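Dropping a structure here in structure tokens format, bear with me for questions.
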Amino acid sequence: MNVLLKIDNGIKYVEKFIMIVSIMMMACILFANVVGRIVFHHSLTFAEELGTMGTVFVTFVGLSYCARVGEHICMSAIFDSLKGKPQKILQCIICIVVAVALIWLGYIALQYIIQLKGQNRTTPILNLDLWKCYLVMPVFIWLAAFQYIIIFLMNLTDKSGEAITRIEKVSVESVDTEEIDEELAAEEVLAEGEGEPEDASAAEGGVR
């Protein structure tokens, strides 16, 4: 188990690097394209191609990363209503079903890659091999399945009785808006309470 977690930790840094580079590349190229179109009346012919490839990279690399930190959108009403062992069992079932589905989707993506390679299809502007550009799809779909398998094994080996839904927590914790609203309401009440004596003293001074 520790070996799998060490491998996964190395994959995490690769995923972060790819996502950061892809997003920065898309931002710079698309911004330069807008400036060129408005200021110089000349667009970058390759901007759309690189933007599309960057979107593909961020989407499928993000698929694996979000599986690790448990931030995929999900319907959790039944899961949240359970506690202890039933919740852990349901989490194991979810991990197995999702992992099998992702392995199958990765196989379909691989068949698509093989088809592209057989057709020798390239991008129209940069003349890049499409199969190389889209090879990220099956690789990171299978890495997402790998994340769910690790979460499944963590639930099997964990003795705490609580369900494990992620390999690691996100560095930026989600904000509880209800607590913030309660704090703001309390501050408003205190501010009103402090303002009342001043208003009363001012009123008394006016009467005198």
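The values are calculated or read from the model by the stated rules, or taken from the named source; none is laboratory data. Model, not experiment: these values are computed from the prediction. A quick note on method: Cβ atoms are made from the backbone with ideal geometry, for glycine too, and the neighbour counts reach across all protein chains shown.
Going by the conditions given, is residue 92 in contact with a His (Cβ under 7 Å, 6 or more places away or on another chain), closer than 21 Å to residue 141 by Cα and either in a helix (DSSP H, G or I) or hydrophobic (A, V, I, L, M, F, W, C) (or both)?
Working: in contact with a His (Cβ under 7 Å, 6 or more places away or on another chain): no; closer than 21 Å to residue 141 by Cα: yes; either in a helix (DSSP H, G or I) or hydrophobic (A, V, I, L, M, F, W, C) (or both): yes.
Here the answer is no, as residue 92 does not meet what is asked.
Of the residues 90, 143, 105, which single one is in contact (Cβ under 8 Å) with a residue 40 or more places away in the chain, surrounded by fewer than 18 Cβ atoms within 10 Å (Cβ to Cβ) and among the aliphatic types (A, V, I, L, M)? Give the derivation first.
Values: 143 fails: surrounded by fewer than 18 Cβ atoms within 10 Å (Cβ to Cβ); 105 fails: in contact (Cβ under 8 Å) with a residue 40 or more places away in the chain.
Exactly one residue qualifies, and that residue is 90.
Taking the options 89, 96, 73, name whichever one is touching a Leu at 6+ places or on another chain (Cβ under 9 Å) and of a type in the set (A, V, I, L, M, F, W, C).
Answer to the check: 89.
Restricting to the stretch 90-122, give me the number of residues that are in contact with a strand residue (DSSP E or B) (Cβ under 8 Å, 6 or more places away or on another chain) and of a type in the set (Ser, Thr, Tyr).
1
Where residues in the stretch 52-105 are among the charged types (D, E, K, R) and more than 23 Å from residue 14 (Cα to Cα), which of them is modelled with the highest pLDDT? Show your work before the answer.
Residues of the stretch 52-105 that are among the charged types (D, E, K, R), as a first pass: 68, 71, 80, 83, 85, 88.
Next, from what is left, pick out any that are more than 23 Å from residue 14 (Cα to Cα): 80, 83, 85, 88.
On the way: 80: 76, 83: 84, 85: 84, 88: 87.
Among them, the one singled out is 88.
Could you look through the stretch 32-83, keep only residues that are touching a Gly at 6+ places or on another chain (Cβ under 9 Å) and in a helix (DSSP H, G or I), and pick out the one that is nearest to residue 145 (Cα to Cα)?
This residue is 47.
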